[in-house]
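Peer 1: Sharing a structure below in structure tokens format, with a few things to ask.
The values are calculated or read from the model by the stated rules, or taken from the named source; none is laboratory data. Just so we're clear, the structure is a prediction, and the values are computed from it rather than from any experiment. Cβ placement follows ideal geometry from the backbone for every residue including glycine, while neighbour counts extend to all protein chains displayed. The area values use the complete protein model at the heavy-atom level, side chains included, leaving out ligands, DNA and RNA. Shrake-Rupley method; radii C 1.70, N 1.55, O 1.52, S 1.80 Å.
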Amino acid sequence: MSRIGKLPITLPNNTQVTIGDNNVVTVKGPKGELSTTIDKDMIVKQDESAIIVERPTEQKRHRAMHGLYRSLINNMVVGVSEGYKEQLELVGVGYKASVQGKVLELALGYSHNIYMSMPDEVTATAVTEKGKNPIVTLESNDKQLIGQVAAKIRSLRKVEPYKGKGIRFVGEVVRRKAGKTASK
């Protein structure tokens, strides 16, 4: 039995779940509405305050999907009730970030600034305090989308191991390498 798949998904008081035709699960809450299509073989049941995902057989394919679909539904429930937040830190001399509407402007040491438009579901804010690195905060109700946007921003200037410059998640530990030693 899947350890993750067998756990019930508890619903907060302010969320509503509907299971439609073709296993389309829609979750509504104070932060918005999300929906996903579950494989037609999987069985999704709803109690008063919980959702249970079951698999019909012990086939390898069904076992693989059991925990996956339970996690996807749980991520939707958490997203519409609490939301997700990612913070990126820009480490480097002259690195800057600013937000105008839905456009994130980044100065990352290239000859030009990088302009990145945010999806409608993602809200970006940039904070720069004197003496500290700029921090870009992303907020959304969709865990997959916010992770994809954060990864795209991070890929613009990956952290290098010698000086530690680049874009990293707040709290991320970067393994540093020793540089060349001067010979006498």
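Peer 1: In straight Cα distance, which aspartates and glutamates are under 16 Å from Lys102, not counting same-chain residues fewer than 8 positions off?
Peer 2: Asp120, Glu121, Glu139
Peer 1: Summarise the long-distance tail of P(r) for the stretch 1-90 by giving the % of C-alpha pairs beyond 18 Å.
Peer 2: Percentage above 18 Å: 44.
Peer 1: If R0 is 22 Å, what FRET efficiency do you get for Leu68 and Val24 from their C-beta distance, rounded to 0.05?
Peer 2: 0.85
Peer 1: So, one more: Nearest 10 degrees is fine. How inclined is helix 143-155 to the longest principal axis of the chain, computing both from alpha carbons?
Peer 2: Long axis of 143-155 versus the principal axis of the chain: about 20 degrees.
Peer 1: Principal axis lengths of the chain from Cα atoms, whole Å, largest first?
Peer 2: Principal axes ranked by extent give 70, 43, 25 Å for the Cα atoms.
Peer 1: Where Rh is the Kirkwood radius over the Cα pairs of the stretch 49-107, the temperature 10 °C and the viscosity 1.306 mPa s, what D in µm²/s does Stokes-Einstein return?
Peer 2: This corresponds to a translational diffusion coefficient of 102 µm²/s.
Peer 1: Relative contact order (percent) for the stretch 123-175, with alpha-carbon contacts under 8 angstrom and 6 or more residues of separation?
Peer 2: The normalised contact order for the stretch 123-175 reaches 20 percent.
Peer 1: Could you work out the relative contact order of the stretch 62-184? I mean the mean sequence separation of Cα pairs under 8 Å and 6+ apart, divided by the number of residues, in percent.
Peer 2: Computed value for the stretch 62-184: 27 percent relative contact order.
Peer 1: Which pairs, out of Lys45/Lys85; Lys130/Lys152; Lys28/Lys96; Lys28/Lys132, put more than 32 Å between their alpha-carbon atoms?
Peer 2: Going by Cα-Cα distance, Lys28/Lys96; Lys28/Lys132 fall outside the 32 Å limit.
Peer 1: A follow-up question, please. Of the options Ile73, Gln100, Gln59, report the single residue whose Cα projects farthest towards the positive end of the charge dipole of the stretch 53-113 (beta-carbon charges: Lys, Arg +1; Asp, Glu -1).
Peer 2: The residue sitting farthest along the positive end of the dipole is Gln59.
Peer 1: Moving to a separate point now. Only sites in a loop by DSSP and with at most 15 other Cβ atoms within 10 Å count here; which GluC sites (Glu not before Pro) in the stretch 1-98 make the cut?
Peer 2: Glu48, Glu58, Glu82
Peer 1: Between the stretch 37-71 and the stretch 76-131, how far is it from one alpha carbon centroid to the other, in angstrom?
Peer 2: 36
Peer 1: Full extension from Glu129 to Val103: what is 0.36 nm times the residue separation minus their Cα-Cα distance, to one decimal in nm?
Peer 2: 7.3 nm
Peer 1: How big is the accessible area of Ile114 in square angstrom, nearest 10, if you roll a 1.4 angstrom probe over the protein chains?
Peer 2: Per-residue accessible area (Ile114): approximately 30 Å².
Peer 1: Which loop trypsin sites (Lys or Arg not before Pro) in the stretch 1-54, with loop taken from DSSP, have no more than 13 other Cβ atoms within 10 angstrom of their Cβ?
Peer 2: Hits after loop and neighbour filter: Arg3, Lys40.
Peer 1: Placing +1 at every Lys and Arg Cβ and -1 at every Asp and Glu Cβ, with all other atoms neutral, what dipole size does the chain have around its Cα centre, in debye to the nearest 20?
Peer 2: In total the dipole reaches around 1440 debye.
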